[in-house]
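The values are calculated or read from the model by the stated rules, or taken from the named source; none is laboratory data. Since we're looking at a predicted model, the values are computed, not measured. For neighbour counting, all protein chains shown are included, and Cβ atoms are generated from backbone atoms with ideal geometry for every residue, glycine included. The area values use the complete protein model at the heavy-atom level, side chains included, leaving out ligands, DNA and RNA. Shrake-Rupley method; radii C 1.70, N 1.55, O 1.52, S 1.80 Å.
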Amino acid sequence: LSDSIGGSFSASSHRCHHKQKHCLPIPQCGALSISPLLFHPHTKGSQIIMDTTQKAVKRQASFCNAITFSNRPIVIYEQVRLKITKKQCCWSGALRLGFTSKDPSRINPDTLPKYACPDLVSQSGFWAKALPEEFANEGNIIAFWVDKKGRVFYRVNDSAAMLFFSGVRTAEPLWALIDVYGLTRGVQLLDSEIIPPDCLRPRSFTAIRRPSLRRETEDTRLSVSLCDLNLQEETFHMTATTCPIPQNSLNSQHSHLLPSQLESDLRFHHLRGPHVKILDDQTVARLEHAREERTLVFTSRPLRINETIFVKINKSNAVRTGTLSYGVTSCDPSTLRPSDLPYNPESLVDRKEFWVICRVVVPLQSGDILGFMVNSDGELHLSHNGAGTGMQVCVDCSQPLWMFFVLHGAVTQIRLLGSTILAERLGLSTPSSPTSTPSSPTVLCSGVSDPILSTCGSGPLCSSVSGTAPNSPISLPESPMSPSVAGPWGDECTICYENMVDTVIYSCGHMCLCYSCGLKLKKMANACCPICRRAIKDIIKTYRST
């Protein structure tokens, strides 16, 4: 015996012989005389967790495998109402809504595909479409229904009803189809309502949408307001469009770059530069001005040791030059005022608190994912689309550190996806990794002719580092010797590997160079310490006592 979508039933599958019948007649206005609408208890995606009331479902992991159905056929004009209870910002796309003429009781759950769109809708008897992402916020109440002409409408909260798609066959029983996809992680079914057209309030057909639901005119999925339809015209037809396949491909790619569980308590701080706007529950920062100054944003809380923060590049502009800057600070953003944020963020290092700022120089494209992690040794590691780049800079992790970002150049919008305490994720190097060895001589990038000094480093994403000012109480490390050169003075210079170390770098205090290499390094553009990559302000020759 085969199920409704071509799969075979397992021995334990729930079976039900359903006799074909016509849709239930439209009842009069008023209370429902039929059973409550619930989720089907057996036919659901492998990632779906359902509560005992069959009214709330949640996707436990990933971004897909979360298709659900109603437990009974719906009635024409019955509004299926659901509330979005959980949102997960690290994915693209949102809830998929629609109907099916296939009895879910006759569908083997093991044969359900990953996606309602395009997998299910490509089969006969399934109709669904993606809810626009801007409507998929926690707390929103979505209602959708089908009329006698097979047109599906939806509304968000108290907004005007809008045409979703058409072409549904209403001569057969129809079950609601809800795919808890992408951004949408949890939904709850509310009591359904049957409201025929003659019982709808006039304001439900108004042409003016609420400002909070205004959408971009170039959106190819733009819905049609009910007021634009001639409800008496029987020949109205619109071809239903499925959600684009690239969304599924993009999410599949990101699922390999992100852990299955992300903490979602991290937000952007309310303090920000005047040319930046914070959106979407303080998880999105967007450049609001053509000028590239005063665009700092901070995390809402300090970083945790070994916590990886994931940031997604939402928008990039290939026409503009420049990229994203990032850093950490011991300064609590709550103690700052917007006027304290300078036009040039690199001047922050002159403040009395600890500040360090780096810049990502590789071209960043929309959809790229960056990972940032500070380990217990104070090493800040960076990854780009799953490729770990090793240590970027050393920081003082003995005090709380907030992370900050500077939007400029091609990067115009970023999103905080979440965080996890999992150092091995995304190829982030541990302190014992070769890419994080502080004594590596391959960290200097310059155009000089010296074959040793022109070697590019193992951390290509960091072009420049500015550290805290010399008057900072933590500008010098406890021990000026790097762990890798902490032996006797006879250790070799980390650049030439010939002469002995006899030079201190100011202002970081590291001893890893001979005086000859130190002089050459100091003359280079954007010269930085080979160990911590702070800017070199001077070098000091030292002499051993006899």
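Observations
- Count of residues meeting criterion [open to solvent by 30 Å² or more (accessible area, probe 1.4 Å), modelled with pLDDT under 80 and of a type in the set (Lys, Arg)] in segment 485-544: 1
- Any hit, segment 102-114, residues being open to solvent by less than 10 Å² (accessible area, probe 1.4 Å), in the same structural domain as Glu133 (by the TED database) and touching a helix residue (DSSP H, G or I) at 6+ places or on another chain (Cβ under 9 Å): no
- Members of segment 79-114 that are in contact with a Phe, Trp or Tyr (Cβ under 8 Å, 6 or more places away or on another chain), at pLDDT 90 or above and either of a type in the set (D, E, K, R) or within 15 Å of Thr184 (Cα to Cα) (or both): Leu95, Arg96, Leu97, Lys102, Asp103
- Considering only residues in segment 126-168 that are acidic (Asp, Glu) and part of a loop (DSSP other than H, G, I, E, B), the one that is farthest from Asp179 (Cα to Cα) turns out to be Asp158.
- The lone exception for Asp368 - which of (1) without any contact (Cβ under 8 Å) to a residue 12 or more places away in the chain; (2) closer than 17 Å to Gly386 by Cβ it fails: (1)
Each row is one residue, and each column tells you yes or no for (1) farther than 18 Å from Arg267 by Cα; (2) in contact with a Gly (Cβ under 7 Å, 6 or more places away or on another chain); (3) touching a residue at least 60 places away in the same chain (Cβ under 8 Å).
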| position | (1), (2), (3) |
| --- | --- |
| Thr335 | no, no, no |
| Arg351 | yes, no, yes |
| Val356 | yes, yes, yes |
| Pro363 | yes, no, no |
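- All strands (runs of 3 or more DSSP E) inside segment 39-82 with 1 or more residues being open to solvent by 10 Å² or more (accessible area, probe 1.4 Å) and more than 16 Å from Leu97 (Cα to Cα): 39-44, 48-50
- Counting only strands (runs of 3 or more DSSP E) wholly contained in segment 291-397, the ones carrying 3 or more residues that are modelled with pLDDT under 85 and crowded, with 21+ Cβ neighbours inside 10 Å occupy 387-394.
- Residue within segment 117-125 that is small (Gly, Ala, Ser), open to solvent by less than 10 Å² (accessible area, probe 1.4 Å) and in a loop (DSSP other than H, G, I, E, B) present: yes
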